[in-house]
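Since the structure comes first, as structure tokens, the remarks are kept for the end.
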Amino acid sequence: MRVLLVGKNGQLGSCFQDIMKARPDYELFAFDSNELDITNRQQVSNRFKEVAPDIIVNASAYTAVDKAESETALAFSVNEQGVKHLVEQANKLDIPLIHVSTDYVFDGSGITPYKANDTTNPQGVYGASKLAGECVTTEGCNKYIILRTSWVFSEYGNNFVKTMLRLAKERDSLSVVADQYGCPTYAGDLAVTIQFLCEQYQLHGSLEWGCYHYCGNLATSWHGFARSIFSLAQRKGMLDQPPRLSAISSDEYPTPAKRPAFSVMDTAELSRLGVTTPNWLNSLNDVLDKLS
Ligand SMILES: NC(=O)c1ccc[n+]([C@@H]2O[C@H](COP(=O)([O-])OP(=O)(O)OC[C@H]3O[C@@H](n4cnc5c(N)ncnc54)[C@H](OP(=O)(O)O)[C@@H]3O)[C@@H](O)[C@H]2O)c1
């Protein structure tokens, strides 16, 4: 099976490449944004002609949540227009697109975990651009799986875990937002799930196309996430003395983009595809081992 991976150097893209190294029965064609810029329709078309893939995994996105507020055109160009170019190729070749979206499509006013068909109402440009990418997929793509995920961390790239570990070494005390709730997700676990979906598609020639939620299975706040990172890191000897951690409100930590206060997602629908969601604490443990 020929798998075309877009965005190979991001968190998800890097983890997906790692997973595929153990699967020589798959041919992986992985591209960074220089080799395959999804906003460039001609380049996308040329690459797809060269590779003739059986399935597309889109791990690429414009992900700078705050910067997106002042780079609206760029965010939409990648997250909407770029996705449209992938949809065109998927339809042309009659192959599936596995696409990844975000919990930031919700406004966070919910009090129970969001289901995939709950009303969306993004609060910022990033969320709006990702929702636009979902729409071009659901409205235009014949065979697609959208996996909405949240609070992604890994041993790669920039993420909350790496930021907390860096700050812990630089500071004696830290204030972290405690009134936003969500589910941390290890990019490696998501990559395993995507690989599983590729396998299921290969076996059955189809999947239950649609939009699903995939995230770690314990909700927490950013403050709770930081506490878990520090306590595990201390146990592993990565930190002599963790910083004093105080809980603050979102109002005390203003950011250009508004974040949802509650973006816990219900992942039950994914079990229809045979997917279970992981305990992110176990994955955090593994990521810290890789980082130490
Ligand atoms: N990070 C999170 O907390 C989070 C939360 C919820 C959902 N998600 C979603 O999960 C997915 C994976 O996120 P991630 O954290 O792995 O992202 P990431 O680490 O920021 O990586 C994104 C990748 O997208 C590539 N890219 C950007 N513009 C591109 C373009 N025009 N053409 C081709 N590639 C382009 C970049 O490639 P280069 O490096 O080569 O420029 C980068 O490697 C995304 O869909 C994201 O929206 C992420």
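The values are calculated or read from the model by the stated rules, or taken from the named source; none is laboratory data. Since this is a predicted model, take the numbers as computed values, not measurements. Here Cβ is always computed from backbone atoms with ideal geometry, including for glycine, and neighbour counts include all displayed protein chains.
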Could you please find all residues in segment 93-104 being touching a strand residue (DSSP E or B) at 6+ places or on another chain (Cβ under 7 Å) and either modelled with pLDDT under 95 or within 14 Å of the ligand (Cβ to nearest atom) (or both)? LEU97, ILE98, HIS99, VAL100, SER101, THR102, ASP103
Go through LEU239, LEU291, LEU273, LEU281 for me and flag whichever is in contact with a helix residue (DSSP H, G or I) (Cβ under 6 Å, 6 or more places away or on another chain) and of a type outside the set (Ser, Thr, Tyr). LEU239
Of (1) free of Cβ contacts under 8 Å to residues at least 40 places away in the same chain; (2) exposed (fewer than 15 other Cβ atoms within 10 Å of the Cβ), ALA52 satisfies all except one. Which? (1)
Name the pairs: first residue in segment 15-44 and among the hydroxyl-bearing types (Ser, Thr, Tyr), second residue at pLDDT 95 or above and within 11 Å of the ligand (Cβ to nearest atom), Cβ to Cβ under 7 Å, at least 6 apart or on different chains? SER33/SER60; THR39/SER77; THR39/VAL78; THR39/GLN81; THR39/GLY82
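Yes/no matrix, rows are residues, columns are (1) under 28 Å from ASN121 (Cβ atoms); (2) in contact (Cβ under 8 Å) with a residue 24 or more places away in the chain:
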site: THR220; (1), (2): yes, yes
site: ILE229; (1), (2): no, yes
site: ASP240; (1), (2): no, no
site: LYS290; (1), (2): no, yes
Taking PHE153 as the residue in question, decide whether it is out of contact with any Cys (no Cβ under 9 Å at 6 or more places or on another chain) and under 25 Å from ARG272 (Cα atoms). no
Those residues of segment 125-169 which are in a loop (DSSP other than H, G, I, E, B), over 19 Å from MET265 (Cα atoms) and touching a residue at least 24 places away in the same chain (Cβ under 8 Å), in sequence order: CYS141, ASN142, LYS143, SER154, GLU155, TYR156, GLY157, ASN159
Could you pull out every one of the helices (runs of 4 or more DSSP H) wholly within segment 10-84 that has 1 or more residues that are within 26 Å of LEU207 (Cα to Cα), over 19 Å from the mean Cα position of the chain (by Cα) and within 13 Å of the ligand (Cβ to nearest atom)? 41-51
Taking the condition crowded, with 19+ Cβ neighbours inside 10 Å, within 14 Å of the ligand (Cβ to nearest atom), at pLDDT 95 or above and closer than 21 Å to GLU208 by Cβ, does VAL125 pass? no
Yes or no: GLU199 assigned to a helix (DSSP H, G or I), more than 11 Å from the ligand (Cβ to nearest atom) and of a type in the set (Asp, Glu)? yes
Selected residue (criterion: nearest to the ligand (Cβ to nearest atom)) from residues of segment 143-170 that are out of contact with any strand residue (DSSP E or B) (no Cβ under 9 Å at 6 or more places or on another chain) and of a type outside the set (A, V, I, L, M): GLY157
Has segment 155-168 got at least one residue that is within 30 Å of GLN81 (Cα to Cα), in contact with a Leu (Cβ under 8 Å, 6 or more places away or on another chain) and crowded, with 18+ Cβ neighbours inside 10 Å? yes
